[in-house]
Amino acid sequence: MAIQAIKGVKDILPEDIPAWRHLEATARTIFENYGFSEIRVPVFEYTELFARSIGATTDIVEKEMYTFEDRDGRKITLRPEGTAGVVRSFIEHKMYADAQLTRLYYLGPMFRHERPQKGRYRQFHQIGVETLGIDHPHVDIEVLAMLHRLYEALGIKGLTLQVNSLGDSACRGAYRDKLKEYLRDKLPTLCGDCQRRYETNPLRVLDCKVDAEKFGDSPVMLDHLCEPCKAHFETVEAGLNKLCIPFEINPRLVRGLDYYTRTTFELVMGHMGAQNTVAAGGRYDGLVHEIGGPATAGIGFALGVERTISLMDTAGLKLPQPTLYLAALGKEAVAQALPVVHALKSQGIRVETDYQGASLKSQMKKADKCGAAYTLILGEQEIAAGTAVLRNMQTKEQTTLTFSNIVEELRAKMI
Ligand code: HAM
């Protein structure tokens, strides 16, 4: 039996590429306008990096990572997300020494061993940004404004930006105690994961896929923020309003990664079912320090490329089409066409040809199908006369060119 791709892993076929390129190009342009520079970090890192940053008791680290031992006996993991690697690189290259605020963006594949379904894959792609260095709420607003701008530029409507604050180390402890108190009585009725998380990571209990509905009246972090976190959140709220960026406060938004502090957010689409989060992120002011760097604030987001593309109108997006189809009719014409095709290609002109010298009728069909703007016809008659016929495929106008000077004549006619 033929070998197939791994479950949950998709080929991105040539017909998919125009949409991918459009999304990537739009993101690059917008991010670079906002002062972000691209970074490319490895797709695998030491497992420890992800365990320490994402959190040892998160679903990602507990259940979803592709981890293996390499030949040196070190534990290696295929990156399940981009933030940890970017922050590792930020520390390793001492980027904090160069600038007060470092703005980075990245794109590439991520790997999670989740149950595959529509919009959820085991190899998927993210486009993400990270800003490192300043904890001012205006940085949060800038990042959210840029996310909003990107989806506006892509023409995707119907998304809701949900925002919350998860507090910081000063206020989260007291909230965690309150939450545990609230959950204590319910504990015997909760699933095994919730019972375990009650001890290790009680905030994650609120996000349980089985039991979440039981927690409608739970205490929420927003009501328990310390003064600085509260002031930070209010400034973010006011700034978003000022910039007319629509958002909802969702006090029950808890993220699946442990590094978040203060502002957290998700961009969700109503009709996408369970996989309705298109992009997500937040502030992580403790992360750089946690993985060995100097105390440095950070905030960023990542969008799911596959989910975003599924919402884009991709009808008008096409790959570049050939400029010229060279219809060489018969063996001799095919031989004469070879250097012409080569010369045109080396000059950057997209040329298509069939190397088989088929009939005029069949080659004109191929010329039409590939979308060439012009066809150059080289048949026995033309060879005898030292000419070739150039046909404009749109106007149907035909011009006779001199074959000995064909490359120059074509260049002049086709611009
Ligand atoms: P995340 O919420 O785990 O955050 O993932 C961000 C986005 O990646 C999701 O909203 C979704 O669109 C996409 N995604 C995640 N898992 C899958 C999957 N299995 N299949 C398809 N798409 C998926 C992060 O990864 C954080 N690093 C975001 C961040 C950056 N926070 C701060 N900076």
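FYI, it's all coordinate maths here, none of it is from the lab. Computed from a predicted model, the values in this text were never measured in an experiment. Because the Cβ atoms are built from the backbone with ideal geometry, glycine has one as well, and the counts that use them run over all protein chains shown.
Laid out as a table, the results:
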quantity	calculated
Cα shape, segment 341-391, gyration tensor, a/c 1.5 rule	oblate
Links that overshoot a 20 Å alpha carbon limit, given the list LYS331/LYS366; LYS157/LYS230; LYS157/LYS209; LYS63/LYS209; LYS369/LYS396; LYS7/LYS209	LYS157/LYS230; LYS157/LYS209; LYS7/LYS209
Over the chain, volume per residue of the alpha carbon convex hull, in Å³	214 Å³
Calculated [θ] (222 nm, deg cm²/dmol) that DSSP helices of n ≥ 4 give over the chain, each run adding -39,500 (n - 2.57)	-10500 deg cm²/dmol
Derived scalar couplings ³J(HN,Hα) [segment 96-101; Karplus, 6.51 cos²θ - 1.76 cosθ + 1.60; whole Hz; x for Gly, Pro]	4, 6, 8, 8, 6, 10
Ranked list, fewest to most other Cβ atoms within 10 Å of each Cβ, for TYR374, TYR66	TYR66, TYR374
Tail fraction, Cα-Cα pairs, segment 157-290, threshold 27 Å, whole percent	22 percent
Residue order, fewest to most surrounding Cβ atoms within 10 angstrom, among ASP168, ASP11, ASP140	ASP11, ASP168, ASP140
Shape call, segment 324-414: gyration tensor on alpha carbons, a/c limit 1.5	rounded
Phi to ³J(HN,Hα) by Karplus 6.51 cos²θ - 1.76 cosθ + 1.60 over segment 186-197, Hz, x for Gly, Pro	6, 3, x, 8, 8, 5, x, 4, 4, 5, 5, 5
Most mobile listed residue (VAL254, VAL41, VAL210) in the chain, GNM with C-alpha springs under 10 Å	VAL210
Global geometry of segment 157-214, whether rounded, prolate or oblate, following the gyration tensor of its Cα atoms and the 1.5 cut on a/c	oblate
Residue exposure sequence - HIS125, HIS113 - by fewest surrounding Cβ within 10 Å	HIS113, HIS125
